[in-house]
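Single-structure report; data block below.
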Amino acid sequence: MKKSNHKNISCEEALKRVFDYIDDHIQNTSRDEFEYHIELCRHCFDRVEFEKLLKSRLQALRYKRSSEWLRERVEDIIAEF
Amino acid sequence: MKLTSEEQRQLKDRVLPLLDDLHRLAYHLCHDENDTEDLVAETIKKACEKFRTLRDHGKIKPWLFRILRNTFVSLCRERKKYATIKYQEDNENEDERFSLFAEVSQPFLLWWGNPERELVNKLLEEDIKQALSEIQPEFRFVVVLCDVEGLSYREISNILDIPIGTVRSRIARGRSMLQRKLYDHAVEKGLIRKRDRHYEKI
């Protein structure tokens, strides 16, 4: 467990920071406070794990590839200019 | 003005490795393979026209994404096929504050079960794509840039030319809309039973 000198923020405050946390857009004290809170609060910890899981399902859509036909079409467009 | 053969080579060398990224982003906006390829082709035409205005070639990816997004907005207006991009930052309704977690989680289960995670694992890729396709385009765009493409808030802010705070609020609202669609879909498919409770504020 982290040092307990961090302020234990409320669940309401933690909820406001969930997306910033999973998107790695939270820093320093704010991040430490958030992490301290989710170490202590099962409900908020579950919320973070849930949002991370959903984000990972969306990340998995990244495999989609373009067709060879589109590649040729783009090469033709560039050649025309 | 026609590009020189050296400029054509430079553009080709930089664009082709990004073609999958452009295609994927266009697909999540159009959800139709023909329209997707047309959107990418139109984006490349505009990129050719503006290539000399691109000062830093290292920033070609956000530059192309911005052109693609603007081209999509123009196509929406021309074809009237897709929902018009229209939104108000401060006009939130219940759908935009929806939390799938709040609807599905059962805190009393404590360590013995995670129905919310089980639900997300049960969803098929098609379910997620379908839900994504049903949210408003401007919110879908930021969710795709953030969650599918893995861009930072700052990168999205540069692409859309909007403040980071606006990026953050659009991502939150876009995710809420997505979760609402996923919830409706899960209820419809019988994966979960509808609960009568108030929505949780994010």
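The values are calculated or read from the model by the stated rules, or taken from the named source; none is laboratory data. In this text the structure is predicted, and so the values were computed from the model without any measurement. Every residue, glycine among them, receives a Cβ derived from its backbone with ideal geometry; neighbour counts consider all protein chains shown. Side chains included, ligands, DNA and RNA excluded: accessible areas come from the protein's heavy atoms. Shrake-Rupley method; radii C 1.70, N 1.55, O 1.52, S 1.80 Å.
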- Query: Here is a list of conditions, (1) open to solvent by 50 Å² or more (accessible area, probe 1.4 Å); (2) free of Cβ contacts under 8 Å to residues at least 24 places away in the same chain, and residue B:155 meets all of them except one; can you say which number that is?
  - Reply: (2)
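Let's see how each residue does on (1) surrounded by 21 or more Cβ atoms within 10 Å (Cβ to Cβ); (2) within 9 Å of chain A (Cβ to nearest Cβ):
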| site | (1), (2) |
| --- | --- |
| B:19 | no, yes |
| B:29 | yes, no |
| B:38 | no, no |
| B:49 | no, yes |
| B:58 | no, no |
| B:65 | yes, no |
| B:78 | no, no |
- Item | Checking residue B:3 against (1) in a helix (DSSP H, G or I); (2) in contact with a helix residue (DSSP H, G or I) (Cβ under 9 Å, 6 or more places away or on another chain), the condition it does not meet | (1)
- Query: Do you know which residues across region B:124-146 are hydrophobic (A, V, I, L, M, F, W, C) and at the interface with chain A (Cβ under 7 Å from one of its Cβ atoms)?
  - Reply: B:128, B:146
- Only one residue in A:26, A:38, A:22 is closer than 19 Å to residue B:98 by Cβ and more than 7 Å from chain B (Cβ to nearest Cβ). Which one? A:22
